[in-house]
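The values are calculated or read from the model by the stated rules, or taken from the named source; none is laboratory data. Computed from a predicted structure; not experimentally measured. Positions of Cβ are generated from backbone atoms using ideal geometry, with glycine treated the same way; all protein chains shown enter the neighbour counts. These accessible areas exclude ligands, DNA and RNA; they are computed on the full protein's heavy atoms, side chains included. Shrake-Rupley method; radii C 1.70, N 1.55, O 1.52, S 1.80 Å.
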Amino acid sequence: MIQGNDTPRDSFSTKFGVIAAAAGSAIGLGNIWRFPYVLGENGGGAFLLIYLGFIAAIGIPVMMSEFTIGRNAQLNPVGAFRKIAPGRKWHLIGSLGVVTAFIILAFYTVVAGWTLEYLVQSVKWLILPERSGVAGLEGEASRLFFQEHYTDFTGGIWRPVLWFLIMLFFTGYIVASGVKKGIEKYTKILMPVLLLLLIVLVIRSLSLEGAKEGLVFLFKPDFSQIKDAPVQVILEALGQAFFSLSIGMGTLITYGSYIRKKENLASTAVSVAAADTFIAVIAGLAIFPAVFAFGINPGQGPELVYITLPVIFQNMPGGLIWALMFFLLLCFAAITSTISVLEVIVAYLSEQLKMTRRRAVILATVAVAVLGLICTISSDVFAVFNASPDILLPFGGFFIVVFIGWFFSKDTLKKELSSDGAKRIRYYPVFVFLVKFVAPLAIVFLFAIGVYNKVITVFPGIG
Ligand code: TRP
């Protein structure tokens, strides 16, 4: 099954291209849609603090481990484990990653489709304010309008399905055109523009009356907010950190395999994690001041940004033209992430099962289409799919760090990290300590108390 390096492999062409592609994968709906509402549901500042701790102590080491495995093996996650550890069961982690990719892609592409709905609605709100009912709405009325729009839209079937299929088609199309032409090109320009627009939103949000309460909520850790379910909050922070960084299922093993040998894996990982975290915090800064200023409930769930942001836009000078730009960019940010998830499946199908790239794309998107349709029809399935990365990704991440920490040759590790001795790796002992002990023990410990908590809620007698 193992393929050697006989076929020349597509790769990212510049250092910035690598960072842009990996950051493009990391930055997406996870930062702008998922992060704010998960933080809002889990007590604000205390969640942020725990989240940041996980990014630094677990996220970056897992990311470096994935890059190392991918670049060393020059293969998809399944092929990579088979090649580095032939005859062992490690490739199952790669297979789990492929399965996880299907699940994530299904619900994620559905939410990505929502950006298209909002894009089209923004145009309508902008040019037909009277007919679409947004004209003259203020404060509470404006909030109710967008709340209702969200409920009507997501409660329907045809529009969510249509947008989902369109998003999936674009994703498939880009992945079919390959690494350099497809992935790298689209990411490089769009990410910086998204950041600029977010900054404009932050300024607007902060200038609203009552904005300060949002800042306090976001930045002042109040641990009494999480005392009812601390384990739940900590596990969600861990899951969100993995989800946001795109780690734990082999996406970055796959992207690592496209990184050239001379690139510095540690600095790439740190840059990507920093950019991703920065965007998440900026999104929080754009959203929470407005949430409090408009009296929106920060813990209301997945609809948080889809209601808060249109309300802010409507109350801005220039109004819904901002909405148009924002949803357009969010849509691009989502696509640079969906392509990275699809790429895992396609790399697997084409390298391990020897399909052509085109065939692999078609097969994968058809399967995802089926799963995604189920997600749009059943909100329960959607909720389960949306929550499953919180478990599946840290689970995969555990085995990835254990593999690097305990089983991977330390000589090869040093060679990869130092680009064959060309770069200094002073951080090396810290890295090894994190991947050998800190990250795996933290994950095992958190899972164990998570399971224990579940058991005692189901069988209260035991506790
Ligand atoms: N990280 C992306 C986001 O924040 C989503 C994503 C892309 C992802 N690829 C992934 C999540 C791989 C987990 C694994 O929007």
Where F278 falls short, out of the listed (1) open to solvent by less than 30 Å² (accessible area, probe 1.4 Å); (2) modelled with pLDDT of 95 or more; (3) in a helix (DSSP H, G or I); (4) within 16 Å of the ligand (Cβ to nearest atom) = (1)
Just need a number here: residues in the range 420-458 that are open to solvent by 90 Å² or more (accessible area, probe 1.4 Å), aromatic (F, W, Y) and under 30 Å from E263 (Cα atoms).
-> 1
Residue under evaluation M355, criteria (1) within 25 Å of the chain's Cα centre (by Cα); (2) open to solvent by 20 Å² or more (accessible area, probe 1.4 Å), criterion not met = (1)
Provide a single number: the residues in the range 200-250 that are outside any helix (DSSP H, G or I) and either open to solvent by 40 Å² or more (accessible area, probe 1.4 Å) or away from the ligand (no atom under 16 Å from the Cβ) (or both).
-> 11
Specify which of the listed residues (A101, A112, A85, A106) is hydrophobic (A, V, I, L, M, F, W, C) and out of contact with any Leu (no Cβ under 9 Å at 6 or more places or on another chain).
-> A85
(1) modelled with pLDDT of 95 or more; (2) within 16 Å of the ligand (Cβ to nearest atom); (3) touching a Leu at 6+ places or on another chain (Cβ under 7 Å) all hold for L168 apart from (3)
All but one of (1) open to solvent by less than 10 Å² (accessible area, probe 1.4 Å); (2) part of a helix (DSSP H, G or I) hold for F12; which doesn't?
-> (2)
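So which of F313, F294 is at pLDDT below 95, open to solvent by 10 Å² or more (accessible area, probe 1.4 Å), more than 30 Å from L413 (Cβ to Cβ) and more than 13 Å from the ligand (Cβ to nearest atom)?
Selected residue: F294, the only one of F313, F294 that is at pLDDT below 95, open to solvent by 10 Å² or more (accessible area, probe 1.4 Å), more than 30 Å from L413 (Cβ to Cβ) and more than 13 Å from the ligand (Cβ to nearest atom).
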Identify the residue in the range 45-100 that is more than 26 Å from G30 (Cβ to Cβ) and small (G, A, S) and, among all such residues, is surrounded by the most Cβ atoms within 10 Å (Cβ to Cβ).
-> G79
Does Q121 satisfy the condition of being outside any loop (DSSP other than H, G, I, E, B) and either touching a Ser or Thr at 6+ places or on another chain (Cβ under 9 Å) or modelled with pLDDT under 90 (or both)?
-> yes
For the range 22-33, indicate whether the set of residues that are part of a helix (DSSP H, G or I) and over 18 Å from F332 (Cα atoms) is non-empty.
-> no
Please list, ordered by first then second residue, the pairs with beta carbon atoms under 7 Å, 6 or more apart or interchain, first in the range 367-392 and over 22 Å from G172 (Cβ atoms) and small (G, A, S), second surrounded by 15 or more Cβ atoms within 10 Å (Cβ to Cβ) and modelled with pLDDT of 95 or more.
-> S388/I103
Does A135 fit the bill of being within 28 Å of E303 (Cβ to Cβ) and crowded, with 24+ Cβ neighbours inside 10 Å?
-> no
Would you be able to say whether some residue in the range 81-98 is over 15 Å from G396 (Cβ atoms), within 20 Å of the chain's Cα centre (by Cα) and within 16 Å of the ligand (Cβ to nearest atom)?
-> no
Taking first residues from the range 152-168 that are surrounded by fewer than 16 Cβ atoms within 10 Å (Cβ to Cβ) and of a type in the set (S, T, N, Q) and second residues anywhere that are outside any helix (DSSP H, G or I) and at pLDDT 95 or above, the pairs with Cβ under 7 Å that are 6 or more apart or on different chains are none
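Listed here are the residues, each with its yes/no results for (1) within 16 Å of the ligand (Cβ to nearest atom); (2) closer than 25 Å to V451 by Cα; (3) surrounded by fewer than 14 Cβ atoms within 10 Å (Cβ to Cβ).
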{"position": "V381", "(1), (2), (3)": "no, yes, no"}
{"position": "F385", "(1), (2), (3)": "yes, yes, no"}
{"position": "V401", "(1), (2), (3)": "yes, yes, no"}
{"position": "W406", "(1), (2), (3)": "no, no, yes"}
{"position": "K415", "(1), (2), (3)": "no, no, no"}
{"position": "S418", "(1), (2), (3)": "no, no, no"}
